[in-house]
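The values are calculated or read from the model by the stated rules, or taken from the named source; none is laboratory data. No experiment lies behind these values; they were computed from the predicted model shown. Positions of Cβ are generated from backbone atoms using ideal geometry, with glycine treated the same way; all protein chains shown enter the neighbour counts.
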Amino acid sequence: MSKKFGLGKGIDSLIKDYKISSNYEILDININEIKESPFQPRKVITEESIKELVDSIKENGLVEPLVVRKKDSYYELIAGHRRLKALQILQKNTAKVYVIEVSDEEAARIALIENIQRKDLNPIELAYSISKIINDFKITHEELAKGLGKSRVFVTNNLRLLTLGEKTINAILEEKITESHGRLLLEVDSIKEREKILDKVIEKNLTVKELEKRIKKLKNNQNKKENKINKNDIYKQYEKKLKIIFKQPVKIKGKKIEIYYSNESELNQILNILNINTITTKI
């Protein structure tokens, strides 16, 4: 038997920004009728990570119903991924659900908002979900940020994590390193160098501060190397100009300029250019 209710505070906070009916339907349905949404941000859930939720449902029942929408022959889960997993662990047959009518884009945004509010969503899952919404619905960073009640910087910074490379992304997904580690590794341009540092972070269990020092040292060394390369390039340009002037090979070494000649005639030519009188010896 179904009932009609005005939106409760929890659900209202999720969908108040969308043009959705202020009523929803609440049902008890068979868990087997619920299927995951393609827009669900969460990809990895372990029993250990939801043990507290499982214990709570065992003790108090499902306090907050799942949020679903009706599809052809099943219900698509919009919000409550962890709660559904907990019910399955407890081998429950039915679940209390809110049935609402929303579009694909609204369903995707609600799923993302619900997970962001709970603050335990893996940052890579969040980034993938943001990317999927932007690409699937052809919306801008600004438009999505407005729909999420976040800043454009929030959207852009999360998307940057997806440029880390597969190995680093998987390390964050598997919680071998934190999001803060990942954001620091973004400062390393070379993926090869980034992965070498990643291996050290995991091997030595480096803290964020320790990683920050390591990256700072790497950058300083790179700057010194770049400065040295730039200095050598400048010296080569000077050598070419001096060669034109003296018509002889010229090398700049440290604080010395060496001009090469093959015979006395070439030496005299160099001296004339320098306005130095030649010295003759009397026998």
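Summary of computed values
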read-out	value
Odd one out for ASP55, checked against (1) assigned to a helix (DSSP H, G or I); (2) at pLDDT below 90; (3) among the acidic types (Asp, Glu)	(2)
Among (1) under 10 Å from the mean Cα position of the chain (by Cα); (2) in contact (Cβ under 8 Å) with a residue 24 or more places away in the chain; (3) closer than 26 Å to PRO38 by Cα, the one test that ALA171 misses	(1)
Test: residue in the stretch 87-97 that is within 27 Å of the chain's Cα centre (by Cα) and assigned to a helix (DSSP H, G or I)	no
Scan of the stretch 145-169 for residues that are closer than 26 Å to ILE197 by Cβ, of a type in the set (S, T, N, Q) and surrounded by 13 or more Cβ atoms within 10 Å (Cβ to Cβ), ordered by number	THR156, ASN157, ASN158, THR168
Residues within the stretch 103-121 that are modelled with pLDDT of 75 or more, among the basic types (Lys, Arg) and out of contact with any helix residue (DSSP H, G or I) (no Cβ under 6 Å at 6 or more places or on another chain), tallied	0
Set ALA86, ALA111, ALA79: member being touching a Phe, Trp or Tyr at 6+ places or on another chain (Cβ under 7 Å) and of a type outside the set (Val, Ile, Thr)	ALA111
Residue count, the stretch 172-196 (criterion: within 21 Å of LYS216 (Cβ to Cβ), of a type in the set (A, V, I, L, M, F, W, C) and part of a helix (DSSP H, G or I))	3
Scope the stretch 60-81; condition in contact with a Ser or Thr (Cβ under 8 Å, 6 or more places away or on another chain) and either farther than 14 Å from GLU33 by Cα or in a loop (DSSP other than H, G, I, E, B) (or both); matching residues	VAL63
Yes/no for ALA107 being in a helix (DSSP H, G or I) and touching a Ser or Thr at 6+ places or on another chain (Cβ under 7 Å)	yes
